[in-house]
Amino acid sequence: MIFVFSYNSPVGKWLGFVAAVWVQAISGNNYTFSNYSDALKSLMALTQLQLNNLSVAKDVGKAFGILAGLASDRLSTPVILLIGGIEGFIGYGVQWLVVSGTIKPLPYWVMCIFLCMGGNSTTWMNTAVLVTCIRNFRKNRGPVTGILKGYVGLSTAIFTDICSALFSSDPATFLLILAVVPFTVCLTAIVFLREIPPSSTSAEEKEEVKNFGVINIIAVIIAVYLLVFDISGTHGKVFSQIFAAILLVLIALPLFIPIHLMVKNFIRENSENLDVEGNNNIAEPLLGVDETVREEVEKKEVVVVEENTVPAVVEKRPPVIGEDHTIFEAIRTLDFWILFVSFLCGVGTGLTVMNNLGQMGLALGYVDVSIFVSLTSIWGFFGRITSGSVSEYFIKKAAVPRPIWNAASQILMAVGYICLAMAMPGSLYIGSIVVGICYGVRLAISVPAASELFGLKYYGLIYNVLILNLPLGSFLFSGLLAGLLYDAQATTTADGGNTCVGAHCYRLVFIVMAIACIVGFGLDIWLSIRTKSLYGKIYASRKAKKTSTILS
């Protein structure tokens with residue numbers, strides 16, 4: 001018997017999720033700018049402000065993620081993935097042509113366009129993956145987001161370490177990998193990732209939780225494996241090749257889940273065929289109740305009320321927090337703007353560190369800064385994957401509002417920036433780790449929180465409006481704040497660029513960003529208070545459902 005999977009079957013559902021994991025494992029290329037930024041700066045003779053504005057250009061690409069959000073309600077998941085893959089191939093491919101010397105350096109504004117394209121490509125990938133998977137596993141939004149965003153965090157380290165292991169951190173080869181690998185993975189994901197009905201029974205939900213636990217364990221093993229490779233010093237060519245081969249095997253390991261389900265279904269079907277062979281009297285219900293259809297009926301926009309046998313049409317009321325919002329309804333709420341500004345304080349300052357790690361390391365006397373890029377990536381993974389599962393656990397156990405974890409990350413990030421400003425020995429290691437963790441928490445918490453506050457119906461667009469904070473934060477904190485303050489301290493070099501050496505180069509930048517994080521902390525506490533009743537209802541609903549399942 002040859003088993004052919006159905007997209008609506010558990011096997012198809014988990015094959016789609018594994019494909020989504022792979023897409024996220026290669027979609028963090030937007031965070032790898034520090035690995036080749038110095039090559040661009042030298043090749044194009046840029047000042048730090050000009051270089052930072054290039055990094056802003058790639059982040060501005062995320063501003064056009066609104067297009068991906070609009071498309072998510074009109075185009076299928078495979079089409080959205082294909083658009084992202086092609087755009088990334090072109091954006092990073094042209095950068096490779098320049099850095100490799102295949103073509104002459106393009107005008108500055110043209111380079112900004114191609115960096116913008118590379119940055120925008122990830123919004124299509126992320127929208128396709130997040131919207132589809134959160135809808136497919138809507139009862140486990142925290143773990144889903146934590147895993148997917150966790151792999152995004154790991155992707156920077158995966159790209160960096162494989163390139164370092166096999167190609168001696170050559171920036172041209174690195175850009176070629178950024179162009180080719182994501183495009184190839186997106187083509188693979190197109191085959192498997194589809195939106196399908198979510199689980200409808202408690203048994204299916206428990207099975208999901210168990211499978212997510214397996215993928216979490218695999219992801220942690222990958223993170224620890226990358227971390228050990230990073231801190232174990234230099235390695236020989238053969239050792240590095242073995243490392244890369246094992247890493248690829250680990251990335252493929254989540255396939256164990258759909259393969260296991262496939263084998264289990266095959267055995268069960270064969271057993272059932274033997275038990276009921278020749279018996280065609282098995283009765284099945286003609287009609288079934290689809291949970292998603294029921295939800296649509298319950299959320300209909302016009303309510304008809306029968307009063308004195310005369311139908312009356314009740315005008316639609318504005319949605320409350322926890323119900324489906326259009327983007328225009330969402331932006332009219334105070335809660336949206338509290339979440340938006342607090343998100344800006346966290347991701348905007350975090351991106352500044354990621355975009356400037358190369359120059360920060362050189363300013364403090366480090367020749368090779370790739371380890372700091374990897375540390376930020378790996379610890380960002382731990383922040384994402386841990387906060388997603390932990391926040392979900394505390395909602396189910398004690399109705400703890402999800403934004404409270406954002407508040408904790410903001411205050412810890414402020415401490416990290418103060419540590420970086422002091423520039424003590426090893427402070428860049430500590431700062432990279434702290435910023436990575438907190439940036440990861442910020443992303444993994446805000447994504448499911450937005451779906452809980454404003455619903456899933458228009459989530460693709462709401463998500464992409466929320467992540468406008470990435471280009472906005474990059475422009476404010478990296479392009480303006482860090483660029484201008486660095487250039488004010490730097491000295492001009494013979495080729496027309498500039499450089500700065502010493503702790504003073506970024507001290508004031510870190511102090512300002514610490515203050516921004518304290519503001520974000522206050523906003524997150526405020527949002528936690530405002531949404532306490534919502535999470536109380538979520539807790540009560542889940543508890544009531546669990547009780548009814550036990551009694552039945």
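The values are calculated or read from the model by the stated rules, or taken from the named source; none is laboratory data. Just so you know, these numbers come straight off a predicted model, no measurement behind them. All Cβ positions, even for glycine, are placed from backbone atoms using ideal geometry, and neighbour counts span all protein chains on display. Quick note on the areas: whole protein, heavy atoms, side chains included, nothing else; ligands and nucleic acids left out. Shrake-Rupley method; radii C 1.70, N 1.55, O 1.52, S 1.80 Å.
So, for the chain, what is the accessible surface per residue at a probe of 1.4 Å, expressed in square angstrom?
43
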For the chain, which cysteines have no second Cys with its Cβ under 4.7 Å from theirs? 112, 116, 133, 163, 186, 345, 419, 438, 517
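Only helices at least 27 Å long along their axis, Cα-based, and averaging -0.5 or more on Kyte-Doolittle count here, so list those DSSP H runs from the chain.
Helix filter hits for the chain: 77-99, 108-136, 141-167, 171-192, 202-231, 256-275, 334-363, 370-398, 403-422, 427-454, 507-530.
Which order, highest average first, do 134-144, 519-529 follow once you tally other Cβ atoms within 10 Å for each residue and take the mean per peptide?
By packing density, highest mean first, the sequence is 134-144, 519-529.
With 29 Å as the limit, write out which pairs from 396/457; 13/149; 62/210; 457/532; 149/457 have Cα-Cα distances beyond it, or answer none.
Details: 396/457 23 Å; 13/149 19 Å; 62/210 34 Å; 457/532 22 Å; 149/457 21 Å.
Exceeds cut-off: 62/210.
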Under-5 Å amide H pairs with residue 498, H placed in peptide plane, nonlocal only: 48, 493
Using just the alpha carbons, could you tell me how many Å³ per residue the convex hull of the chain encloses? 172
Tally up the carbon and sulfur contribution to the accessible surface of the chain as a whole percent, 1.4 Å probe, everything protein left in place. 69
For residue 98, net neighbour charge (Lys/Arg +1, Asp/Glu -1) across residues whose Cβ lies under 13 Å away: +2
